[in-house]
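Visitor: Below you will find the structure I want to go over with you.
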Amino acid sequence: MPFQEKITDVTDIETSNPLKQLLFPLLFIAGLVSLIPCRRQAIGILKSEKFLALFFLWALVTVSWSNFPFISLKRWIQVVGPAIISLGILMHSDSAEEVKRYFRIILAFYISISLVSVFIVPGAVHSDMAAWKGLASHKNTLGQISLVAAIFWFDALKTDSWKKKIVSSALLLMSVVLLIGSHSMTSFLNFAVWLFLMLLFGLDKLFRPLNIGRFYSFFIFFIIIVLVVSTVFFVPNVKALFFDFMGKDATFTGRMELWQAVFDHAKENIFTGCGFAGFWIVGNRPVMDLFDFFIWLPNEAHQGYLDILNETGLVGLGLFILLVVFYAVHLPRLKKPHLWKWFVLLVLIINFFESTLFVLNNVTGVLFTFSYLALFTEIHKDRSFWRESLCNS
């Protein structure tokens with residue numbers, strides 16, 4: 001819930017939320033029911049995309065050796081639930097493009113209320129730092145949502161209606177203001193990366209009639225990578241300047257020590273993991289030991305790939321890598337604009353410093369799953385199993 005005080009006591013981490021306990025099972029059941037009329041199409045997509053389904057299946061297997069199997073199973077259901085709901089939404093929509101309208105409606109309310117709350121509700125600003133959190137529980141969450149909203153509203157500027165352009169521009173500006181106010185440097189750097197890639201692809205299209213578009217893009221990208229690497233290695237002060245700009249130290253505010261501690265635990269079950277969602281649980285002895293050292297009470301490794309390794313082992317991490325490769329291979333087969341690819345890319349970048357993949361109640365993690373399924377839904381809509389009318393029953 002929004003406007004909550006910062007957690008300073010271990011016992012508050014696992015406090016139950018009755019609203020979530022009621023809402024999530026209802027959404028999960030509704031998602032399953034919505035798939036019944038188009039179950040053949042849904043099964044066809046899962047068979048063709050393979051690796052997300054295999055990852056979830058392996059995660060379910062790992063529940064059996066979790067130290068907290070009931071909690072792990074409950075969390076597995078809560079993580080798989082959004083995937084089922086996402087698939088149901090895509091099944092009942094003409095295209096993934098149509099769904100963007102629903103996201104914009106939700107984000108318009110969320111961004112507007114968050115910005116207003118920052119100025120009138122004390123709990124919308126962190127009490128121990130000059131950072132906004134709006135309706136979110138933390139500044140990093142607000143930063144991620146603002147990043148997502150900015151991309152949606154930038155895409156909405158493509159409309160021919162001047163009224164819609166004005167509204168989209170206003171909401172884009174509000175999203176950027178919230179992004180800056182959140183002081184979430186991970187999200188801000190992701191926004192910078194997205195702007196750079198948009199510029200690069202724009203230049204690619206500009207030079208494509210001269211048959212040098214793709215070469216030009218790769219050349220510019222290569223030059224920038226060389227410049228960045230050269231600067232880091234040959235200009236000693238650049239690292240310090242970079243960390244000062246980010247407002248962090250060379251350990252990323254204690255994250256490197258946390259990564260090492262979690263990795264030491266992951267090595268104990270390196271191939272199979274300790275069980276899906278079975279590590280960050282109050283009462284788990286290794287976590288309680290971490291709380292003695294990390295007084296800010298982390299509930300994630302702040303490195304999504306490390307959490308996947310720790311909980312599902314090299315098998316789970318390998319399946320996830322195959323999932324990403326499979327997505328990248330199939331993306332060029334979609335011969336039309338596809339906004340959702342940006343969310344896959346940006347979530348992959350975010351998870352170098354945050355854990356949002358396949359965790360509970362995380363917007364960018366859910367968006368990653370939705371965006372992944374959106375690609376394969378679009379690709380396979382013209383295949384034989386899709387020739388029957390969509391979910392008309």
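Each value in this text was obtained by applying a stated rule to the coordinates, not by laboratory testing. These numbers come from a predicted model, not from an experiment. Don't worry about glycine lacking a Cβ; one is built from the backbone with ideal geometry, like all the others, and counts go over all protein chains shown.
Visitor: Which order do peptides 98-108, 157-167 fall in by mean Cβ count within 10 Å, highest first?
Guide: 98-108, 157-167
Visitor: Compare the Cα positions of Leu197, Ser137, Leu157 along the charge dipole of segment 122-209 (+1 at Cβ of Lys, Arg; -1 at Cβ of Asp, Glu; about the Cα centre) and return the one farthest towards the positive end.
Guide: Selected residue: Leu157.
Visitor: I would also like to ask the following. Would you kindly state how much longer the chain becomes between Leu157 and Arg40 on full extension, computed as 0.36 nm times their sequence separation minus their alpha carbon distance, in nm to one decimal?
Guide: Contour length minus Cα-Cα distance gives 38.5 nm.
Visitor: Evaluate the distance, in nm, between pseudo-label points positioned 7 Å from the Cα of Lys267 and of Phe201 along their respective Cα→Cβ axes.
Guide: Rounded to a tenth, the inter-label distance reads 4.1 nm.
Visitor: Further question: Pairs to check: Lys100/Lys381; Lys341/Lys381; Lys50/Lys336; Lys100/Lys165; Lys158/Lys335; Lys20/Lys74. Give those whose C-alpha atoms are more than 20 Å from each other in this structure.
Guide: Among Lys100/Lys381; Lys341/Lys381; Lys50/Lys336; Lys100/Lys165; Lys158/Lys335; Lys20/Lys74, the Cα-Cα distance tops 20 Å for Lys50/Lys336.
Visitor: Follow-up question, since we're still on this one. Using 1/(1 + (r/R0)^6) with R0 = 45 angstrom and r between the beta carbons of Glu257 and Ser95, what's the FRET efficiency to the nearest 0.05?
Guide: E(calc), rounded to 0.05, equals 0.45.
Visitor: Quick one: if you stick a label point 7 Å off each Cα along the C-beta vector at Lys335 and Leu19, how many nm between them?
Guide: Once both label points are built, they end up 4.7 nm from each other.
Visitor: Give me the extension gain from Ile295 to Phe103: residue separation times 0.36 nm, minus the current Cα-Cα distance, reported in nm with one decimal.
Guide: In short, 65.4 nm is gained.
Visitor: Starting from the 7 Å offset along Cα-to-Cβ, what nm value, one decimal, do you get for the label separation of Ile29 and Val116?
Guide: Taking the simple label geometry, Ile29 and Val116 are separated by 3.4 nm.
Visitor: How much length is gained on full extension from Asn67 to Gln4, taking 0.36 nm per residue of separation minus their Cα-Cα distance?
Guide: Roughly 19.7 nm would be gained on extension.
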